[in-house]
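Enquirer: I'd like to ask some things about the structure below.
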Amino acid sequence: SYREYAYVTNGKSNTVSVIDLRTFEPVKNLKVGGEPTGLAANRKRNEVYVVNTASNNISIINAELNAVVATIGVHGKPYFIDVTEDGKRGYVANSGSSDVSVIDFDKRAVVGNIRVGGSPAALRVSPDDSTVVVSNRSDGTISLIDAGQLRMRDTISSCPEAQDIAILPDSSKAFVACSGSSQVASIDLKADKLLAILDVGKTPVSLALKPDGGELIVSNFDSDNISIIETMTN
């Protein structure tokens, strides 16, 4: 009876496709909100969360039933969601209202909204669940949120068109793709300071860490190449 599924957002049809990874066949299309974009899975609760940009809400999919079981309203034009390691909270980047909504999954409710920089594009929760790193596309800043107190802890500047984020497994550093300047920012999450700005290829858009966190792979959209960063030495 083993099952394993992939979930794909379909922005133009307002649906999520469920794909059976044993057969590689689509098994269901789930109706969600308007223009679904970001998506995240909760390993502790067996749930999938879908960000609906046009309808300003989050759809919750029960991954055992493959059915939408709840909808939670958030602020303007949500774009991206990440889930804490303990599975208790979700953080949603609202690009239209320049804030982050905090969702308590037990309560199925928003428990806070935290103002960040302009047009947040992405966010990541550190593996120790202590910090939320937010990339703000329109003003070139990076917001650091204290996840325990649900408040802004610091703001890092000098990252034009900030995009994707990667955080080391030990939660010591974050790396942010600065698409507008063809660079990657390295940030110390213990001291909340910028450590380095690293020149990479043109328009870096996506970051991927090796499992041990030792190297970061950067995909450079407009130069048809990748850059490899040694994370310990920047």
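Enquirer: State whether one or more residues within the stretch 56-70 are of a type in the set (Asp, Glu) and under 18 Å from the mean Cα position of the chain (by Cα).
Expert: No, there is no match, as no residue in the stretch 56-70 is of a type in the set (Asp, Glu) and under 18 Å from the mean Cα position of the chain (by Cα).
Enquirer: Continuing with the same structure: For LYS44, work out the one condition from (1) under 19 Å from LEU150 (Cα atoms); (2) touching a residue at least 12 places away in the same chain (Cβ under 8 Å); (3) open to solvent by 60 Å² or more (accessible area, probe 1.4 Å); (4) not aliphatic (A, V, I, L, M) it doesn't fulfil.
Expert: Condition not satisfied by LYS44: (1).
Enquirer: Right, next: Considering only the stretch 90-100, I want to know if a residue exists there that is out of contact with any strand residue (DSSP E or B) (no Cβ under 7 Å at 6 or more places or on another chain), in contact (Cβ under 8 Å) with a residue 12 or more places away in the chain and surrounded by fewer than 23 Cβ atoms within 10 Å (Cβ to Cβ).
Expert: Applying the first criterion (out of contact with any strand residue (DSSP E or B) (no Cβ under 7 Å at 6 or more places or on another chain)) to the stretch 90-100 yields 96-97.
Next, only the ones that are in contact (Cβ under 8 Å) with a residue 12 or more places away in the chain stay: 96-97.
Within this subset, residues satisfying the condition of being surrounded by fewer than 23 Cβ atoms within 10 Å (Cβ to Cβ) are 96-97.
Within the stretch 90-100, one or more residues are out of contact with any strand residue (DSSP E or B) (no Cβ under 7 Å at 6 or more places or on another chain), in contact (Cβ under 8 Å) with a residue 12 or more places away in the chain and surrounded by fewer than 23 Cβ atoms within 10 Å (Cβ to Cβ).
Enquirer: So which strands (runs of 3 or more DSSP E) stay within the stretch 34-99 end to end and still have 1 or more residues that are among the polar types (S, T, N, Q)? Spell out the reasoning first.
Expert: Working: elements: 36-42, 47-52, 57-62, 67-73, 78-83, 89-94.
Hits in the stretch 34-99: 36-42, 47-52, 57-62, 67-73, 89-94.
Enquirer: Testing SER1 on (1) more than 15 Å from the chain's Cα centre (by Cα); (2) open to solvent by 80 Å² or more (accessible area, probe 1.4 Å); (3) within 22 Å of ARG124 (Cβ to Cβ), one condition comes back false. Which one is that?
Expert: SER1 satisfies every listed condition except (3).
Enquirer: Select from the stretch 14-33 the residues that are more than 13 Å from VAL50 (Cβ to Cβ) and polar (S, T, N, Q) and list them in ascending order. Can you show your working first?
Expert: Start the filter on the stretch 14-33 by keeping residues that are more than 13 Å from VAL50 (Cβ to Cβ), which leaves 19-28.
Selection gives THR23 alone.
Enquirer: Within the stretch 49-88, can you find the residues that are among the acidic types (Asp, Glu) and open to solvent by less than 30 Å² (accessible area, probe 1.4 Å)?
Expert: The first filter runs over the stretch 49-88 and keeps only residues among the acidic types (Asp, Glu), leaving 64, 82, 85-86.
ASP82 - this is the single residue of the stretch 49-88 that is among the acidic types (Asp, Glu) and open to solvent by less than 30 Å² (accessible area, probe 1.4 Å).
Enquirer: Right, something else. Would you point out the residue of the stretch 186-234, among those that are touching a Gly at 6+ places or on another chain (Cβ under 6 Å) and not hydroxyl-bearing (Ser, Thr, Tyr), that is surrounded by the fewest Cβ atoms within 10 Å (Cβ to Cβ)?
Expert: In this case the residue turns out to be ASN225.
The values are calculated or read from the model by the stated rules, or taken from the named source; none is laboratory data. As the structure is a computational prediction, the values presented were derived from the model and not from experiment. Every residue, glycine among them, receives a Cβ derived from its backbone with ideal geometry; neighbour counts consider all protein chains shown. These area figures cover heavy atoms from the full protein model, side chains too; ligands, DNA and RNA do not enter into them. Shrake-Rupley method; radii C 1.70, N 1.55, O 1.52, S 1.80 Å.
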